[in-house]
Amino acid sequence: MRAEPAAGRGALVVAVIGGGPAGLMAAEQLAAAGAQVHLYDAMPSVGRKFLLAGKGGLNLTHGEPEATFGQRYFSRSGWLAPWLAAFGPQALRDWAAGLGVETFVGSSGRVFPRDLKAAPLLRAWLQRLRGQGVQLHMRHRWLGWDEAGALRLATPQGEAALNPAATVLALGGASWQRLGSDGAWWPVLQAAAVPPLPLVPLRPSNCGFDVAWSKHLVSRHAGAPLKGVALCFGNFSQKGEAVLTATGIEGSLVYAASSLLREALAALGATRIGFAAPFPEEIGQASLRYLAANGIQTLATRFGGYRDNFAIAEIPPEEVIALACGADHPDAQAVLMPGGNMPCLGVADAIEARIGKPVISTNQAGMWALLERFRTPDRIQGAGMLLRERPTLR
Ligand SMILES: Cc1cc2nc3c(=O)[nH]c(=O)nc-3n(C[C@H](O)[C@H](O)[C@H](O)COP(=O)(O)OP(=O)(O)OC[C@H]3O[C@@H](n4cnc5c(N)ncnc54)[C@H](O)[C@@H]3O)c2cc1C
């Protein structure tokens, strides 16, 4: 095992792991602030997914006003607002222009490089990074940390240990593994922190959806572009374009709503659940029979064993969280928590952050049904996805 690189003279040594656009941008900012930046990537070259995005024209951002642009992030828009204020759509266009790549707003409002390509932008960007002193180390895979807290990297010369002053992990998601984004970092990072980090599990976004179209529709319309259409779903309503495919629907308009659709399917279309109840198993059996009779498969159960309603109301938050997490199953789409007295609302967000899927408790479901009944568009923060995203049954 070797140690590399040695600390620079005076400058703060920072390791950026991952050479997609996020890592390259981090490297650029750090180098501009005077850090000595070493960027490591598992692949033989950086920006592979970015280059593939260029094949579709490279939609860089959107030309709409910044206030409406922020709404595209749904429940995360408040959280992201300060970041967008510091570096919004116009700042991104200016940044591209600074690399010699002019942009234009297409008829859909989306912003593209004038030549619809990613390669010239990446080339200019890498040249600027090298000029800033950023050192790129390819075929260096981050493996985690060793017992002494050093970064472990698998390199062509064997395993290396690294002690930078700071580390930026910019490892991408888990789609298009052959381009480097394999999501293998997720369990490593989860296991490295004690207590475990509340990492949000990797889930598909910007994705199309399967629809069982009729044979007639597929034979006549598969591949048809849907232009000038609006997609309405719960409180989501947007105009744009989509494509009707042989197996479903995709395109930019569908991608814009895909996280909402995904969550709603998981919550309201859940047919495989975990079941976490405060009462003893013999009481829960009736609920399980009812669920089974309605086509819902219970994959895991946890029972608190409480018989006294007042005691149920006093269950400490950590115990409620443990009960819910214990009832999760890798194939479950949601965790159901019956028991109106059990204090679930305040911990629903914490549970969802841990298990990466919606929690549906008695009081949440009741409140959701009331809001639906009164047709109020209100979303409630801090009490789980069902009330925050307000998926709608149609
Ligand atoms: C077909 C397609 C079209 C797209 N079109 C667009 C578009 O038009 N507009 C748009 O904005 N986005 C588009 N995207 C999405 C865009 O490419 C991604 O959002 C973007 O690449 C994410 O950047 P990132 O830096 O977070 O991650 P990535 O680009 O995935 O980069 C992560 C990097 O980390 C490296 N890495 C991972 N694990 C390790 C490890 N353990 N050790 C070392 N290195 C590691 C990987 O090799 C990779 O280079 C498209 C994606 C695809 C697949």
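For the stretch 231-272, which positions are in a loop (DSSP other than H, G, I, E, B), small (Gly, Ala, Ser), exposed (fewer than 15 other Cβ atoms within 10 Å of the Cβ) and not assigned by TED's automatic domain parsing to the domain that holds residue 373?
Passing the criteria: only 246.
Condition first: more than 7 Å from the ligand (Cβ to nearest atom), over 16 Å from residue 128 (Cβ atoms) and in a loop (DSSP other than H, G, I, E, B). Now tell me which residues in the stretch 35-48 satisfy that.
Scanning the stretch 35-48 gives 44, 45.
For the stretch 138-153, which positions are within 8 Å of the ligand (Cβ to nearest atom) and either in contact with a His (Cβ under 7 Å, 6 or more places away or on another chain) or among the basic types (Lys, Arg) (or both)?
141, 153
Among the residues of the stretch 49-70, what is the count of those that are of a type in the set (Lys, Arg) and more than 6 Å from the ligand (Cβ to nearest atom)?
Applying the first criterion (of a type in the set (Lys, Arg)) to the stretch 49-70 yields 49, 55.
From the residues that got through so far, the ones that are more than 6 Å from the ligand (Cβ to nearest atom) too are 55.
Going through the stretch 49-70 one residue at a time, the tally reaches 1.
In this structure, does residue 385 turn out to be at pLDDT below 90 and surrounded by 21 or more Cβ atoms within 10 Å (Cβ to Cβ)? Walk me through it before giving the result.
Numbers: at pLDDT below 90: yes; surrounded by 21 or more Cβ atoms within 10 Å (Cβ to Cβ): yes.
It is true that residue 385 is at pLDDT below 90 and surrounded by 21 or more Cβ atoms within 10 Å (Cβ to Cβ).
Here is a check on your reading of the model: is residue 168 free of Cβ contacts under 8 Å to residues at least 60 places away in the same chain, within 16 Å of the ligand (Cβ to nearest atom) and surrounded by 18 or more Cβ atoms within 10 Å (Cβ to Cβ)?
For residue 168, the condition - free of Cβ contacts under 8 Å to residues at least 60 places away in the same chain, within 16 Å of the ligand (Cβ to nearest atom) and surrounded by 18 or more Cβ atoms within 10 Å (Cβ to Cβ) - is not met.
Hey, could you check the stretch 174-204 for residues that are in contact with a helix residue (DSSP H, G or I) (Cβ under 7 Å, 6 or more places away or on another chain) and within 22 Å of residue 53 (Cα to Cα) and say which is farthest from the ligand (Cβ to nearest atom)?
Selected residue: 203.
The values are calculated or read from the model by the stated rules, or taken from the named source; none is laboratory data. Just so you know, these numbers come straight off a predicted model, no measurement behind them. So basically every Cβ, Gly included, is an ideal-geometry build from the backbone, and we count neighbours across all protein chains shown.
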